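Following: one structure in structure tokens, then a few remarks.
The values are calculated or read from the model by the stated rules, or taken from the named source; none is laboratory data. Keep in mind that what you see is a predicted model, and the values were worked out from it rather than measured. Note that we place each Cβ from the backbone using ideal geometry, even for glycine, and neighbour counts take in every protein chain shown. To get the accessible areas, we keep the full protein, side chains included, count just its heavy atoms, and leave off ligands, DNA and RNA. Shrake-Rupley method; radii C 1.70, N 1.55, O 1.52, S 1.80 Å.
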Amino acid sequence: RTTMKSLRFISAEAFVSNAEFARKNLGAVAHDLFPLLFKASYLLEQGEVIHDLVENWPLFDFNMGKLLGATLDYEEDLSHRTCSVCLESCLTGLRDYVLNQSSPCSKKLKVVDLTGIKDVEVQFCKCKKTMGRWARTQLLSKLCSELLAYLQQAQCNPGTFEISINVLIDLFVTERNYELVMQALLKNCSCPLKICCVAFRSDNLTLQKFFYIIKLTDPSLLRKLEIVHNVHLEMEHLEMLFSSIHFPLLMSLTLPARTFNVQRFTATDEQMLATIGEKMGEMTQLTELSMSFSILTGRIQKLLSPLKTPLKMLDVSNCSLNHADMAYLANSFHANHLEALDLSGHDIPELYPSTFSKLLTHCSSVLRSLTLEDCNIQDTHVNMLILGLSQCQKLQEFKFMGNPLSSQALKHLFTFLCELPMLKNVEFPVPRDCYPTGITYPIDDASLCRFDHQKYERVAEELNLILLQANREDVKASTPLFGSYDAAVQETNNELGAYLIKSFKETLEKFTTSFNKMS
């Protein structure tokens, strides 16, 4: 649909569309028009104009989320356009704002907020080149280091060193950009552009480097911490992290796979788990917790009961939860506040059908996202599922990939899903009858794509027709066989791939050496 533009916005577009004219006449523009011109320049991808607008920014703050978000002049939200041309122009413009020799007295800028930029799968910018979170981390770190080096060498206006701008950013650090980010953070207090890390994601990093860099970020400001792929953090390291560093503002925590494994617990480990629970209890802002692919059988209460703030998001997928864990979740004070819940990888119908129904009842008034992948939900369970979901009138997203459901059961379920008024996204499995007879669940990666593709397409068309006939074109239904889109993984998949190959090679070499010794 076409988004309406005000006359002011149309005039702004006309002004910035001629880059040379716009740059020459910026000095004559009223300060309160800079945000309008910035959004118009961003929409038209006028990199040079964006650069000059930021270099001469006349206001106290520069908030990307607000500047690109819906405004009265132009309602379309552009914050999901991570256009490389535009973002690079913003950041180099920020560097040149510091270097610009105009009187420091006229420089009002104190805060730059880059956290409102959203990384999405489909980009609409004309250049088709995106700058993801990792690349933004890389470029800002590089510019800060270069800026400081230049200021220390050049004959600059003494007032330049008095400039202090807090740059709020979501950092994403891997082995490949670690050195650059670390150097920038080490010199942070001397640089006019101060990197303020609001969210930190770490992939593919040794524990030593992770511990070092997390201390440099100023953890007292951190609201979100994601330790995800190839960071070998285990329970004892987590206890060390929480005991040595305080995270007073932390709202969201994601832990890597296998952080916990209760199968090999000793009495010391039990105490360690209790300490971690207590430390999380001290994080009074914590409302989002993800700890998938850990073995937590019978320990959920010990970990979550010390929390003083109810969780709004909980991901315990593939955590081998037992009935006691599910009973605790269903009866805990968290249940009434859960907006997003992931229980994938648990045989819900077999192990705790009634307890799960109770949990769903308790969170039904607020639940927005539910993920039940690989939960052994079969045709005979669909009516039970419908009964549970019918209470969840605020549900926006339902993912249930990997369940052995037939085409017929899916049609029955989709007919019901049309009745959920706020539903926007559904991820459904390839129907069981599209696979060869005798297929076993969960389906291994080798067999995942060995289904009748033509039959699947026919079924998918019928499911979309059900949505269409119910006037629910607003619902997106898909079957992402290899998982939902993850912007961070997409951006760094080459590095992750190289790391996995290296790990596999090392394991193979160790095995060969051991085998040769035995021989």
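Structure notes:
- Counting only protein heavy atoms and a 1.4 Å probe, the chain has 47 square angstrom of accessible area per residue.
- Annotation: amide H-H contacts under 5 Å for Val231 (H modelled 1.01 Å from N, sequence separation of 5 or more, or interchain): Asn204, Leu205.
- Surface calculation, 1.4 Å probe, protein heavy atoms: Met182 sits at approximately 20 Å² accessible.
- Given charges at Cβ of Lys, Arg, Asp, Glu: the chain dipole, positive-most of Leu78, His346, Ser369: Leu78
- Taking 7 Å steps out from each Cα toward its Cβ at His246 and Cys189 produces label points 1.9 nm apart.
- The phi torsions of the range 291-307, fed into the Karplus equation with coefficients 6.51, -1.76 and 1.60 and a -60° offset, translate into couplings of 9, 5, 6, 10, 9, 10, 3, x, 10, 4, 5, 4, 7, 9, 4, x, 5 Hz, rounded to whole numbers, with Gly and Pro shown as x.
- Test item: Cα-centred dipole of the chain, Lys/Arg +1 and Asp/Glu -1 on Cβ, debye: 760 debye
- Separation of alpha-carbon centers, the range 140-166 and the range 392-457, rounded to whole Å: 55 Å
- Under Karplus coefficients 6.51, -1.76 and 1.60, residue-wise ³J(HN,Hα) of the range 195-206 in Hz, glycine/proline x: 6, 10, 7, 9, 9, 10, 10, 10, 10, 6, 9, 5
- For the range 7-131, carbon and sulfur atoms together expose 57% of the accessible surface, with a 1.4 angstrom probe and every protein chain in place.
- Net charge dipole size for the range 169-326 [Lys, Arg +1 and Asp, Glu -1 on Cβ; Debye, nearest 20]: 300 debye
- Using the Cβ-Cβ distance between Val122 and Ala267 with R0 set to 45 Å, the FRET efficiency from 1/(1 + (r/R0)^6) comes to roughly 0.30.
- Cα gyration tensor shape for the range 105-240, rounded if a/c is under 1.5, else prolate or oblate: oblate
- Relative contact order [Cα under 8 Å, 6+ residues apart], the range 217-502, whole percent: 10 percent
- Between Asn63 and Asp113, the built amide H atoms are under 5 Å apart, and every one of these is 5 or more places off in sequence or on another chain.
- Förster radius 45 Å - calculated FRET efficiency between Ala324 and Glu462 (Cβ-Cβ, nearest 0.05): 0.60
- Cα-based Lys proximity count in the range 207-303, under 18 Å, for pairs eight or more positions apart or on separate chains: 4
- Compared with the direct C-alpha span, the chain from Phe161 to Lys129 gains 8.1 nm at full extension, assuming 0.36 nm per residue.
- Simple spin-label estimate for Thr380 and Gln101 gives 8.3 nm between the two label positions (7 Å along the Cα-to-Cβ direction from each Cα).
- Förster-model FRET efficiency, 30 Å R0, Met4 and Asp474, C-beta, rounded to 0.05: 0.90
- The sum of -39500 (n - 2.57) across all DSSP H runs of n ≥ 4, divided by the residue count of the chain, sets its helix-only mean residue ellipticity at 222 nm to -13500 deg cm²/dmol.
- Qualifying lysines (Cα of each under 22 Å from Cα of Lys394; at least 8 residues distant if same chain): Lys312, Lys358, Lys411, Lys424, Lys476
- Per-atom-type breakdown for the range 361-493 gives carbon and sulfur 52% of the accessible area (1.4 Å probe, protein chains only).
- With both labels modelled 7 Å from their Cα along Cα-to-Cβ, the Ser390 to Tyr441 distance reads 2.2 nm.
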